[in-house]
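Asker: Shown below is the structure under consideration.
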């Protein structure tokens, strides 16, 4: 059985660095993450509580999987484990920007911690879709 996931500073930092990393360049990813923390702090926010609040506002509780049953395709909501929720939320926060990563990700984290921003809207849309398709939950196979 796997260990329970604890949302602490070390875990969050490690996940962010792994999402920033490209082509195995971990040192560059760590420097980017340090710049991100400095950027958040320079805007007057405490970095760790802001990041954790943003993660909690962005993390999805369910995911929609398309399952084909008797020739028909159904969108079925599946609950997510905490580890997968955190991975999805951090991935969404980091992948929200293509250029000027530090500035854009810090803006998105601050907006998400306040309950605003595109990632929060995306999560709310996903939950709304899951609520609409909860009729098909009996097609889950667990």
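The values are calculated or read from the model by the stated rules, or taken from the named source; none is laboratory data. In this text the structure is predicted, and so the values were computed from the model without any measurement. Note that we place each Cβ from the backbone using ideal geometry, even for glycine, and neighbour counts take in every protein chain shown.
Asker: What single numbered condition from (1) part of a helix (DSSP H, G or I); (2) over 15 Å from residue 20 (Cα atoms); (3) more than 12 Å from the chain's Cα centre (by Cα) fails to hold for residue 102?
Answerer: Unmet condition: (2).
Asker: Please find, among 137, 81, 125, the residue that is more than 18 Å from residue 11 (Cβ to Cβ), out of contact with any strand residue (DSSP E or B) (no Cβ under 8 Å at 6 or more places or on another chain) and surrounded by fewer than 17 Cβ atoms within 10 Å (Cβ to Cβ).
Answerer: 125
Asker: So is residue 49 touching a helix residue (DSSP H, G or I) at 6+ places or on another chain (Cβ under 7 Å) and within 27 Å of residue 100 (Cβ to Cβ) or not?
Answerer: Here the answer is no, as residue 49 does not meet what is asked.
Asker: Have a look at 53, 135, 73 and point out the one that is in contact (Cβ under 8 Å) with a residue 12 or more places away in the chain and not in a loop (DSSP other than H, G, I, E, B).
Answerer: 53
Asker: Hey, among 130, 54, 112, which residue is farther than 23 Å from residue 12 by Cβ and surrounded by 14 or more Cβ atoms within 10 Å (Cβ to Cβ)?
Answerer: Step by step, each of 130, 54, 112 is checked, and only 130 is farther than 23 Å from residue 12 by Cβ and surrounded by 14 or more Cβ atoms within 10 Å (Cβ to Cβ).
Asker: Now for a separate question. Any residue at all in region 57-65 that is surrounded by fewer than 18 Cβ atoms within 10 Å (Cβ to Cβ) and in a helix (DSSP H, G or I)?
Answerer: So far as region 57-65 goes, no, none of its residues is surrounded by fewer than 18 Cβ atoms within 10 Å (Cβ to Cβ) and in a helix (DSSP H, G or I).
Asker: Which number in (1) modelled with pLDDT under 90; (2) over 28 Å from residue 125 (Cβ atoms) marks the one condition that residue 19 misses?
Answerer: The one condition residue 19 does not meet is (2).
Asker: If you don't mind, another one. Residues 89, 97: which one is closer than 19 Å to residue 19 by Cα, modelled with pLDDT of 90 or more and either surrounded by 15 or more Cβ atoms within 10 Å (Cβ to Cβ) or touching a strand residue (DSSP E or B) at 6+ places or on another chain (Cβ under 9 Å) (or both)?
Answerer: 89
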